[in-house]
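Working notes, beginning with the structure itself.
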Amino acid sequence: GGGSRGGGGRAALALTGYSSDQLKQALLADVPGYRRAGEPDAGEYGSLKGIQNFGQLQRQVSLDKPRCADAAGSRPAVDKAAPAALTSFNRGDGQVVTETLMGMPDEAAQRQLDLRVPSGCLVFRTRVGTQTAEHRVSEFPGGTIGKGSRTVGVSTVSGASHTRAWYVVLRGRHCVATVSLFGPNATRAEVEQIARQAYERSEHYLP
């Protein structure tokens, strides 16, 4: 639904001037080489299906270092009532791109860029049922995408499977975008290129 649900529209007008419907319009419409995975979602941040699914997945995971639950910072701590929109794209080899766009005041947006991977969380292990995995995190703050950005990579080994995830968190005008790239061949260069495209589109559609 639109940003007016549950006061999300009022929050958008008071804090950023953007509704969730405006943010939805500003999402990436296409990513070369990928197909859109269903229709974009928009509404209050806490109501987005992708965010709820991620939270449900997190609750199923046991960590050897509980403080590392969001070591990658891929899901910034955002007011659940904040206006937001989310879209995903996939490729035949299992690679997935997701963009989440959240409206927030500039000061709060800068705090998202100032977040850092907790000390001791550059390597940690997880367990889901009987399956275990080891994760190694690399962090690159001080990026120049948009009005400032940071990039985080997570390399995961589980048995014979090796996957990579890259995240870019960037500031726009009264908004924050998180662009993620997940798959066996995910690279920092590709996710940062997509993040630049996301910023350019948001600048065009958000006055």
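Could you tell me how many of the residues in the stretch 174-205 are outside any strand (DSSP E or B) and farther than 18 Å from residue 45 by Cα?
21
Those residues that are small (Gly, Ala, Ser) and over 14 Å from the mean Cα position of the chain (by Cα), I need them from the stretch 173-191; list them, please.
Answer for the stretch 173-191, where residues must be small (Gly, Ala, Ser) and over 14 Å from the mean Cα position of the chain (by Cα): 183, 186, 189.
Among the candidates 176, 154, 169, which residue alone is aliphatic (A, V, I, L, M) and more than 25 Å from residue 19 (Cβ to Cβ)?
154
What residue, among those in the stretch 92-115 that are among the acidic types (Asp, Glu) and closer than 22 Å to residue 165 by Cα, is most open to solvent (accessible area, probe 1.4 Å)?
Checking each candidate, the answer is 114.
Every residue in the stretch 76-91 that is in contact with a strand residue (DSSP E or B) (Cβ under 8 Å, 6 or more places away or on another chain) and open to solvent by 50 Å² or more (accessible area, probe 1.4 Å), please.
80, 90, 91 - these are the residues of the stretch 76-91 that are in contact with a strand residue (DSSP E or B) (Cβ under 8 Å, 6 or more places away or on another chain) and open to solvent by 50 Å² or more (accessible area, probe 1.4 Å).
Out of the residues in the stretch 95-144 that are on the phi > 0 side of the Ramachandran plot and out of contact with any helix residue (DSSP H, G or I) (no Cβ under 8 Å at 6 or more places or on another chain), which is modelled with the lowest pLDDT?
Only one residue fits best here, namely 129.
Hey, could you check the stretch 116-156 for residues that are assigned to a loop (DSSP other than H, G, I, E, B) and of a type in the set (Gly, Ala, Ser) and say which is least open to solvent (accessible area, probe 1.4 Å)?
Looking at the filtered set, the residue picked out is 148.
Would you pick out the residues in the stretch 156-207 that are closer than 21 Å to residue 133 by Cβ and either in contact with a Cys (Cβ under 8 Å, 6 or more places away or on another chain) or polar (S, T, N, Q) (or both)?
156, 158, 161, 163, 180, 185, 187
For the stretch 51-64, what are the residues that are farther than 21 Å from residue 171 by Cα and either assigned to a helix (DSSP H, G or I) or open to solvent by less than 50 Å² (accessible area, probe 1.4 Å) (or both)?
Selection gives 52, 53, 54, 55, 56, 57, 58, 59, 61, 63.
Looking only at the stretch 8-20, decide whether some residue is closer than 20 Å to residue 152 by Cβ and modelled with pLDDT of 80 or more.
No, every residue in the stretch 8-20 fails to be closer than 20 Å to residue 152 by Cβ and modelled with pLDDT of 80 or more.
Regarding residue 77, is this residue hydrophobic (A, V, I, L, M, F, W, C) and either out of contact with any Leu (no Cβ under 9 Å at 6 or more places or on another chain) or modelled with pLDDT of 85 or more (or both)?
Here the answer is no, as residue 77 does not meet what is asked.
Taking the stretch 157-177, which residues are within 17 Å of residue 96 (Cα to Cα) and open to solvent by 20 Å² or more (accessible area, probe 1.4 Å)?
Listed by number, the residues that qualify are 161, 162, 163, 164, 166, 167.
Show the residue pairs meeting these rules: Cβ distance below 6 Å; 6+ apart or different chains; first residue within the stretch 140-161 and without any contact (Cβ under 8 Å) to a residue 24 or more places away in the chain; second residue not charged (D, E, K, R).
Partner pairs satisfying both residue conditions: 156/133; 156/135; 156/163.
The values are calculated or read from the model by the stated rules, or taken from the named source; none is laboratory data. These numbers come from a predicted model, not from an experiment. Here Cβ is always computed from backbone atoms with ideal geometry, including for glycine, and neighbour counts include all displayed protein chains. Ligands, DNA and RNA are stripped out before the accessible areas are found, and what is left, the full protein with its side chains, is counted by its heavy atoms. Shrake-Rupley method; radii C 1.70, N 1.55, O 1.52, S 1.80 Å.
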